[in-house]
1. How high is the relative contact order of the chain, given as a whole-number percent (alpha carbon pairs under 8 Å, six or more residues apart)?
2. Indicate the gyration tensor shape class of the chain (rounded, prolate or oblate), computed on the Cα atoms with a ≥ b ≥ c the square roots of the eigenvalues: a/c under 1.5 is rounded; otherwise a/b larger than b/c is prolate and the rest oblate.
3. Hey, fewest Cβ within 10 Å first, where do 377, 366 land in order?
4. Starting with the highest mean, order 170-182, 107-119, 276-288 by the number of other Cβ atoms within 10 Å, averaged over the residues of each peptide.
5. For the pair residue 211/residue 95, report the inter-label distance in nm, with labels modelled 7 Å from Cα in the Cβ direction.
6. Per DSSP H run of n ≥ 4, the term is -39500 (n - 2.57); total these for the chain, divide by its residue number, and report the mean residue ellipticity at 222 nm rounded to 500 deg cm²/dmol.
7. Neighbouring Cβ atoms within 10 Å as the yardstick, rank 186, 269, 120 fewest first.
8. Cut-off is 10 Å between beta-carbons; in what order do 57, 234, 229 appear when sorted fewest neighbours first?
Ligand SMILES: *Cc1c(COP(=O)(O)O)cnc(C)c1O
């Protein structure tokens with residue numbers, strides 16, 4: 001029996017849920033002083049990264065950029081990266097003259113698969129880039145062991161993974177360096193900003209640009225104001241009047257062949273024209289440390305609340321045979337920053353949810369080994385391809401009410417049970433799903 005669909009407020013895919021105390025420093029941005037910015041930043045992080053240096057960055061991607069500059073890699077050196085990834089990361093490697101080697105991911109965590117990694121190490125390999133994607137901890141001790149055995153550098157992409165732990169330790173200090181991001185789509189946000197975490201050896205080799213986060217508020221104003229407005233329009237109370245109708249309009253424009261506008265509001269995660277320029281983004285501002293500090297105080301509570309929301313959503317979705325849930329905690333404890341779910345028809349499901357005003361993203365990330373923009377490095381990674389085609393990101397923020405959860409799950413149940421033609425369809429798609437997924441699993445356990 002179908003439960004009736006509850007009426008609901010519109011739900012964004014993500015929102016920051018900032019309290020007045022956390023938001024305050026951003027509003028007072030012009031009055032923050034930059035004296036001692038670096039020292040304050042290091043104090044902020046000393047508890048989480050006791051034996052590392054921590055440096056403020058304009059964005060998370062700058063951390064990788066400056067790491068690559070300091071790491072002493074030569075053009076043509078190979079960097080092993082998970083194929084299921086954010087294209088910007090791969091783009092940065094190319095701009096540094098490096099050769100990306102796409103490695104498959106684990107079917108249940110979407111993180112770098114150490115077995116495929118070991119197979120793809122070559123005499124030209126110099127570095128491994130491991131991503132704790134969706135905030136799932138990767139199998140980082142096994143990856144670090146492979147790096148040590150082959151004398152490879154290890155860099156962790158922790159853009160999603162603040163508060164994610166492996167054997168009780170915050171991820172990001174298992175290798176030589178790591179990046180964190182405080183963009184508006186992330187778990188903790190200062191409306192931009194990022195962090196490089198690195199060991200003393202790498203720190204000693206960093207160039208001047210990496211060590212100088214000076215920024216001018218007035219020069220950067222439009223960048224910051226734009227991010228602020230987008231973040232504000234994603235607040236659930238406002239979303240239904242601001243971002244949601246805007247996104248609906250942009251989808252309509254998209255369908256008529258003018259995708260340019262959408263890029264501003266809901267950035268495409270596969271933009272072939274993207275080129276990184278470390279100087280073109282607004283810098284790290286003193287107010288960001290105060291905003292981050294206030295959020296760090298309740299990070300653990302927020303993660304606990306998000307995990308409760310994810311548990312409630314997944315308990316409902318587990319009853320749908322079409323869907324497959326990921327194993328967030330397989331290698332440690334995830335921070336529940338992204339809720340990805342495997343669906344046989346992720347595109348169609350996304351359209352159903354969007355039609356009800358529920359934000360979601362069927363293409364949060366891609367199998368980069370199949371993207372046209374990386375054609376010279378094309379690679380066949382069956383699990384990454386599966387995940388890229390089928391995993392959809394659902395809303396999962398800390399303050400989702402029971403009604404919100406009911407609305408989300410109810411909309412998904414409707415999509416599969418009511419919409420298109422009853423039991424026959426259900427059985428077919430279930431079978432198709434089962435087969436495809438079994439293949440993905442086989443690949444990862446055989447490899
Ligand atoms: C957001 C993100 C980054 C980079 O963060 P920015 O602050 O936007 O530069 C890196 N990797 C992944 C997987 C991300 O999602």
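1. Across the chain, relative contact order equals 25 percent.
2. Oblate is the answer for the chain, as a/c is 1.5 or above yet b/c matches or exceeds a/b.
3. Listing 377, 366 from fewest to most nearby Cβ atoms yields 377, 366.
4. Details: 170-182: 25.8, 107-119: 22.7, 276-288: 19.4.
So the peptides 170-182, 107-119, 276-288, ranked by packing, come out 170-182, 107-119, 276-288.
5. Label-label distance for residue 211 and residue 95, simple model: 2.3 nm.
6. Numbers: 18 runs with 190 residues, N = 447.
Mean residue ellipticity, 222 nm, calculated: -12500 deg cm²/dmol.
7. Neighbour counts put them in this order, fewest first: 269, 120, 186.
8. The order, fewest Cβ neighbours first, is 229, 234, 57.
Throughout, read-outs are computed from the coordinates displayed, never taken from laboratory work. Keep in mind that this is a model prediction, so the values were computed, not measured. Counting neighbours? That spans all protein chains shown, and the Cβs are built from the backbone with ideal geometry, glycine included.
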